[in-house]
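Read through the structure below, which is laid out as structure tokens, and then see the notes.
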Amino acid sequence: MSSNPRRLDRIDVSILNELQQNARITNNELARAVNLSSTPCFNRVRTLENLGLFRQRVTLLNPEVLGLRINVFIQVSLEKQVEDALKRFEEAISLHSEVMECYLMSGDADYLLRVVMPDMRTLERFIIERLTTIPGVSNIRSSFALKQVRYKTALPLPPSGLTLTDPDE
């Protein structure tokens, strides 16, 4: 893509914004929302999809209704930040569905995790039985979210359009 960058116009951005708000919107509803007829709208969505802009389409569930009331941020430090240790940790952590996000970080900790749990006992078991047993883990620090002030999944897109970039550059 870097040799021939693709420019998204304001209609493309409108389509992306609509789909970020409701991935289940019908093509006819989407076409009306972005002021296009059905076929050109469908073709644009297909083009945007072929450009790799859609990672996946999901349904966001309410964690509190499901009993997942504890939202914890856990900083994990490794004994050594070498490729084998990083790979081993990332493979181990990817096996746990309660880990919602995991980032390799700069700064004090090597990783930042966000986990959801139903209660403190489950969190304690997760830390003791799962995290501390991963080879190379040297330090674990937890911070509890007291209140979720903002949560969103939609990426900010400039309304006038944008030029796509190659993620590998």
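With contacts taken as Cα pairs under 8 Å and at least 6 residues apart, segment 70-144 reaches a relative contact order of 53 percent.
In loop segments of segment 63-117 as defined by DSSP, the trypsin sites (Lys or Arg not before Pro) with at most 12 further C-beta atoms inside 10 Å of their C-beta are Arg69, Lys80. Computed log10 I(q)/I(0) for the chain at 0.18 Å⁻¹: -1.09, from the Debye equation with unit scatterers placed on every C-alpha and solvent omitted. If I fit a long axis through the Cα atoms of helix 38-50 and take the longest principal axis of the Cα atoms of the chain, what angle between them do I get, 0 to 90°, rounded to 10? Result, in degrees: 40. In the chain, the longest principal axis of the Cα atoms and the axis of helix 10-21 are about 40 degrees apart.
A Stokes-Einstein calculation at 10 °C with viscosity 1.306 mPa s, built on the Kirkwood radius of segment 7-57 over Cα pairs, returns a diffusion coefficient of 147 µm²/s.
Helical runs assigned H by DSSP (4 residues or longer) give the chain a calculated mean residue ellipticity at 222 nm of -8500 deg cm²/dmol, each run adding -39500 (n - 2.57) before division by the residue total.
The alpha carbon convex hull volume per residue for segment 70-144 rounds to 76 Å³. Taking the Cα atoms only, what angle lies between the long axis of helix 83-93 and the longest principal axis of the chain, rounded to 10 degrees? On a 0 to 90 degree scale, this one is about 80. Counting only residues at least eight positions apart within a chain, or on another chain, the aspartates and glutamates with an alpha carbon under 15 Å from that of Lys87 are Glu79, Asp110.
How high is the relative contact order of the chain, in percent, with contacts defined as C-alpha pairs under 8 Å that are six or more residues apart?
Contact order relative to length: 35 percent.
We did not get these values from a lab; they are worked out from the coordinates using the rules stated. Just so it is clear, the model here is predicted, and its values are computed rather than measured. We place every Cβ from the backbone using ideal geometry, glycine too, and count neighbours over all the protein chains shown.
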